[in-house]
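This report refers to the structure that appears directly beneath it.
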Amino acid sequence: MAETQKAKLVIVGAGPGGYVAAIRAAQLGSGVVLVEKNLLGGTCLNWGCIPTKALLACTEALVMIRDADEYGIKVADPVPDLKFMVERKEKISEQLRKGVEQLLKANKVDIVRGTASLASPNQVKVETEEGEKLIDTEKVILATGSEPARLPTFDFDQPAILTSTEGLELTEIPKTMIIVGSGVVGSEFATIYNGLGTKVTMVELMPRILPTEDDRVSQQMKRILGKKGIEILTETTIDEMLEYRPDGVKAKLSSGEVLEADKLLVSIGRSLNSADLGLEEAGVELGKRGEILVNERMETSAPGVYAIGDVVGGILLAHVASFEGVCAAENAMGMDAVMNYNVVPACIFTEPEIASVGLTPSKAEEQGTETRIGRFMFGGLGKALAMGKGQGFIQLVVDASSDKIIGCQIMSAHASDLIHELALAIQMGITADQLGRTIHAHPSLAEAVMEAAEAAHNRAIHAAPARK
Ligand code: FAD
């Protein structure tokens, strides 16, 4: 006989969606159970956000040392130790995992290790090491996340074929690497391995890299990556894999060209973890991509069952998963919360970084909104030049009739930090006039925000006036 436990709320999956939902629910009442089949923290903490940023911090240091003579420092050739870097990354993930576990325990969340599925909307079945366990529950939140998408063109059992997961585990620096897909993940891995000295070739199906970003951002990033020595092949696919060796691959491109590399990393998106969860039996409806369908309260089609994070197939970002987790937890615990996706900052950790929030100029135009664009180049900013980081620009999209800021795109050092001033500005309905008339400290990168706001009124001090 399977052991039966009682709960008020069971959450399946302990990524940034699930563990945040568990803590928020536990703040509102007792009887919260969190089921996880692998590591606490999910993709974000173990195979995504944090490990990539840990490795990027290492390559950033390496590039800085390599370029030290630009700062008047003579150093001998630095030697990267990828094994050490990977161990460092693992220690950071472990420290954060322990932190999450402590927080869950302090909030009296019951952590169950095992693989969960729905026996019904009010019963969760968990396969644990000790056997099957049943949990009778009033509510369920599904937060099972996603995995790297795999194309049948590639044999993922071959050691030279990597997804982002294996791309974080290499202990020897490959001399050459093909990266298939130039989205956020592909571009971050290109930055990591190019920094380590690998000759990287990116293969992209679409006409431009970072195809979902603003056109200006993607054009400038293409130039910057090209200058770093990354080869970019757009409107190109891999038609056929000609050879797999333990130490490399040979691939035939749609152009007819044959490419060889030590490793080939596939970063073509994510597949959503909605299979084998007993969803059909429980009456939970799925969309065409396997995403769990939810409304703005994160409710699925089955009463009492909520879903959040990557598995609902919306914006696949950790902070979105967490906010959806808070929304679902509050609703499951008797409150009335709704999700609003109007202001979602999104960052790409290339060098320089890219960050955006709200509408791009072309999206605003599609919606029929008349806009003014306030643009400022970091090459005109004292702090950026002092740091040796004069590349990039900031672009504010301003509603011409109300003067409210409705979007922003930044490409610069620390863009991922700068973007939040704009997120708040959009959230609070701040106008370009108000932002431009807010004193910003000198010298700081944030002065570019003020200058761009002033540029929207053709009043920027450190930029030539727009031609009449
Ligand atoms: P996940 O984090 O995927 O967690 C789901 C959890 O559910 C997993 O732990 C899994 O083991 C568990 N699970 C699945 N099925 C079951 C089951 N049946 N029973 C029990 N447990 C189960 N986002 C950002 O915002 N910023 C970034 O910089 C960023 N960088 C990224 C870099 C990479 C390389 C990748 C791959 C992703 C990155 N992301 C980033 C995306 C981010 O990691 C995800 O959006 C986020 O982790 C989604 O959270 P989640 O809780 O929905 O799912």
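When you scan region 89-99, do you find a residue that is more than 16 Å from the ligand (Cβ to nearest atom), out of contact with any helix residue (DSSP H, G or I) (no Cβ under 6 Å at 6 or more places or on another chain) and either more than 15 Å from Glu169 (Cα to Cα) or in contact (Cβ under 8 Å) with a residue 60 or more places away in the chain (or both), even just one?
yes
How many residues does region 1-39 contain that are hydroxyl-bearing (Ser, Thr, Tyr) and modelled with pLDDT under 95?
Result for region 1-39: 2.
Evaluate the following for Gly358: is it within 28 Å of Asp136 (Cα to Cα), in contact with a helix residue (DSSP H, G or I) (Cβ under 9 Å, 6 or more places away or on another chain) and in contact (Cβ under 8 Å) with a residue 12 or more places away in the chain?
The answer is no for Gly358.
Could you list, in sequence order, the residues of region 334-392 that are over 22 Å from the mean Cα position of the chain (by Cα), under 24 Å from Met428 (Cα atoms) and of a type in the set (Gly, Ala, Ser)?
Those that are over 22 Å from the mean Cα position of the chain (by Cα), under 24 Å from Met428 (Cα atoms) and of a type in the set (Gly, Ala, Ser): Ala337, Ser362, Ala364, Gly368, Gly374.
Wholly within region 1-70, which helices (runs of 4 or more DSSP H) include no fewer than the required count, namely at least 3 residues that are out of contact with any strand residue (DSSP E or B) (no Cβ under 7 Å at 6 or more places or on another chain) and either within 10 Å of the ligand (Cβ to nearest atom) or among the small types (Gly, Ala, Ser) (or both)?
Hits in region 1-70: 42-46, 49-66.
Report yes if Ala106 is exposed (fewer than 15 other Cβ atoms within 10 Å of the Cβ), more than 19 Å from the chain's Cα centre (by Cα), more than 15 Å from the ligand (Cβ to nearest atom) and under 30 Å from Leu28 (Cβ atoms), otherwise no.
Here the answer is yes, as Ala106 does meet what is asked.
Would you be able to say whether some residue in region 432-449 is at pLDDT 95 or above, surrounded by fewer than 20 Cβ atoms within 10 Å (Cβ to Cβ) and not in a loop (DSSP other than H, G, I, E, B)?
Within region 432-449, one or more residues are at pLDDT 95 or above, surrounded by fewer than 20 Cβ atoms within 10 Å (Cβ to Cβ) and not in a loop (DSSP other than H, G, I, E, B).
So, of the residues in region 303-322 that are surrounded by 21 or more Cβ atoms within 10 Å (Cβ to Cβ) and more than 9 Å from the ligand (Cβ to nearest atom), which turns out to be farthest from Val184 (Cα to Cα)?
Val305
If you take the residues of region 25-40 that are surrounded by 22 or more Cβ atoms within 10 Å (Cβ to Cβ) and touching a helix residue (DSSP H, G or I) at 6+ places or on another chain (Cβ under 7 Å), which of them is farthest from Ala337 (Cα to Cα)?
Ranking the qualifying residues of region 25-40, first place goes to Leu40.
Mind checking which residues of region 269-290 are in a loop (DSSP other than H, G, I, E, B) and under 17 Å from Thr43 (Cα atoms)?
Gly269, Asn273, Ser274 - these are the residues of region 269-290 that are in a loop (DSSP other than H, G, I, E, B) and under 17 Å from Thr43 (Cα atoms).
Confirm whether Phe84 is more than 16 Å from the ligand (Cβ to nearest atom) and either within 25 Å of the chain's Cα centre (by Cα) or part of a strand (DSSP E or B) (or both).
Considered against the rule, which asks whether it is more than 16 Å from the ligand (Cβ to nearest atom) and either within 25 Å of the chain's Cα centre (by Cα) or part of a strand (DSSP E or B) (or both), Phe84 comes out as yes.
Each row is one residue, and each column tells you yes or no for (1) touching a Ser or Thr at 6+ places or on another chain (Cβ under 7 Å); (2) within 13 Å of the ligand (Cβ to nearest atom); (3) polar (S, T, N, Q).
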residue: Asn122; (1), (2), (3): yes, no, yes
residue: Val140; (1), (2), (3): no, yes, no
residue: Ala143; (1), (2), (3): no, yes, no
residue: Gln158; (1), (2), (3): no, no, yes
residue: Ser164; (1), (2), (3): yes, yes, yes
residue: Lys175; (1), (2), (3): yes, no, no
residue: Thr191; (1), (2), (3): yes, yes, yes
residue: Thr201; (1), (2), (3): no, no, yes
residue: Leu210; (1), (2), (3): yes, no, no
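Looking at region 179-237, which of its residues are outside any loop (DSSP other than H, G, I, E, B), among the hydrophobic types (A, V, I, L, M, F, W, C) and within 18 Å of the chain's Cα centre (by Cα)?
Those that are outside any loop (DSSP other than H, G, I, E, B), among the hydrophobic types (A, V, I, L, M, F, W, C) and within 18 Å of the chain's Cα centre (by Cα): Ile179, Val180, Val184, Val185, Phe189, Ala190, Ile192, Val217, Met221.
Pick from region 127-170 the residues that are hydroxyl-bearing (Ser, Thr, Tyr) and assigned to a helix (DSSP H, G or I): which of them is surrounded by the most Cβ atoms within 10 Å (Cβ to Cβ)?
This residue is Ser164.
The values are calculated or read from the model by the stated rules, or taken from the named source; none is laboratory data. What you see is a predicted model, and the numbers here were worked out from it, not measured in a lab. All Cβ positions, glycine included, derive from the backbone under ideal geometry; neighbour counts span all protein chains shown.
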